[in-house]
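Below is one structure, written out as structure tokens; comments come after it.
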Amino acid sequence: MAWLTFAPDALAQISVNFQANASVAEARIVLADIAVIKPAGSAADTIGKLPVAAAPAPGKTKQLSTVSVISSLRNRPEVAEVDWQGSPTITVERKGNHISQEQIQQIVAAYLQENSAKLKSEVQFTATRTPEQLILPTGQLRWKVTPSNPDILGSSSFSIFFTVDGKPAGNCVVRGKLDSFAEILTAARTLHKGDVIKEEHLALKRQSLAGLEDPFIHPEQIVDMQLARTVNAGKPLTLKDIIAPALIKNGEMVKIYARKGSLELSTGGIAQADGRLGETIKVKNISSSKLVHCRVDGPGIVSVNF
């Protein structure tokens, strides 16, 4: 007589013992997350992978009814002979990656530090509004910081976009005040409109760049330029404070070149106003005593088309 043999897990009835409390990491809850399934084996593994509900948000909890779980699985042939046991309800908590307010601020500080060379100045960000905490899914966490101003300087907020395992996981905004400090050129004494700037007129001073547009750092940027307006001692010199020096002075003798196609004539003239490169000024033609509108082409040289 031949004996029939069966695998041990095929002979024993599967029991599913629901636990009163469970903790999960994924977005879906499976049976093995909330119950102890015996005896161990391939059948238990298969049953354990059956999905039963959506998980709560990271760091949150939800309560499941055992009756509801069993009802949701009633049409699955894998659980036809299962012995259901255990707690009538299950409180499920989803694990989360907790990011504190301090960590959020450190992310912004690290971003500014990484970009300090590009900014060419020392920056200091004072946060005024930061989320108290973020709870994101567990996994490999990465983030990207975006300033409200693409040039970073002048930004009043920074947006942080988080991903977990390469998938979008959340975002937040940190608001505050960004100050930048640098050694910039200031007036060593009060400089008046029309003054030609010399190196002794300048002094380097460390100060905030807030509200300043196009300050200067190196003397060679503005030495021999002319002031467009008066700048008081200690005040920064900016692009709007200076103009190129006049190449031609009022009353100066100049050479007038008159051009038409390939034909070019020249004569003498007297400038009737100061003129900078490319500007148009009135010039008195010495030969005819007529006033001519001429373009400044260089020191002592103007031109007119006829």
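Observations on the model:
- Yes/no for Gln13 being in contact (Cβ under 8 Å) with a residue 60 or more places away in the chain and over 47 Å from the mean Cα position of the chain (by Cα): yes
- Among the residues making up the stretch 173-194, those that are in a loop (DSSP other than H, G, I, E, B) and at pLDDT 90 or above are Ala188, Arg189, Thr190, His192, Lys193.
- Output for the stretch 268-279, where each listed residue is at pLDDT 95 or above and not in a loop (DSSP other than H, G, I, E, B): Gly268, Gly269, Ile270, Ala271
- Among the conditions (1) of a type in the set (A, V, I, L, M); (2) closer than 23 Å to Ala182 by Cα; (3) crowded, with 17+ Cβ neighbours inside 10 Å, Leu136 misses just one, which is (2).
- Taken across the stretch 295-305, residues that are surrounded by 16 or more Cβ atoms within 10 Å (Cβ to Cβ), hydroxyl-bearing (Ser, Thr, Tyr), touching a Pro at 6+ places or on another chain (Cβ under 6 Å) and under 25 Å from Gln226 (Cβ atoms) do not occur at all.
- Filtered residue count, the stretch 172-224, keeping only those that are touching a Pro at 6+ places or on another chain (Cβ under 9 Å), buried (at least 17 other Cβ atoms within 10 Å of the Cβ) and among the β-branched types (Val, Ile, Thr): 4
- Complete set of residues in the stretch 88-108 that are in a helix (DSSP H, G or I) and surrounded by 14 or more Cβ atoms within 10 Å (Cβ to Cβ): Gln101, Ile104, Gln105, Ile107, Val108
- Number of residues in the stretch 129-164 that are within 11 Å of the chain's Cα centre (by Cα) and either within 18 Å of Lys95 (Cα to Cα) or not hydroxyl-bearing (Ser, Thr, Tyr) (or both): the value is 11.
- Top-ranked residue in the stretch 24-42 [being assigned to a strand (DSSP E or B) and within 43 Å of the chain's Cα centre (by Cα); ranked as surrounded by the most Cβ atoms within 10 Å (Cβ to Cβ)]: Ile29
- Against the conditions (1) part of a strand (DSSP E or B); (2) on the phi > 0 side of the Ramachandran plot, Gly139 satisfies every one except (1).
- If you filter the stretch 157-171 down to residues that are surrounded by 17 or more Cβ atoms within 10 Å (Cβ to Cβ) and touching a Ser or Thr at 6+ places or on another chain (Cβ under 6 Å), you find that the one that is farthest from Ala109 (Cα to Cα) is Ala169.
The values are calculated or read from the model by the stated rules, or taken from the named source; none is laboratory data. Keep in mind that what you see is a predicted model, and the values were worked out from it rather than measured. Don't worry about glycine lacking a Cβ; one is built from the backbone with ideal geometry, like all the others, and counts go over all protein chains shown.
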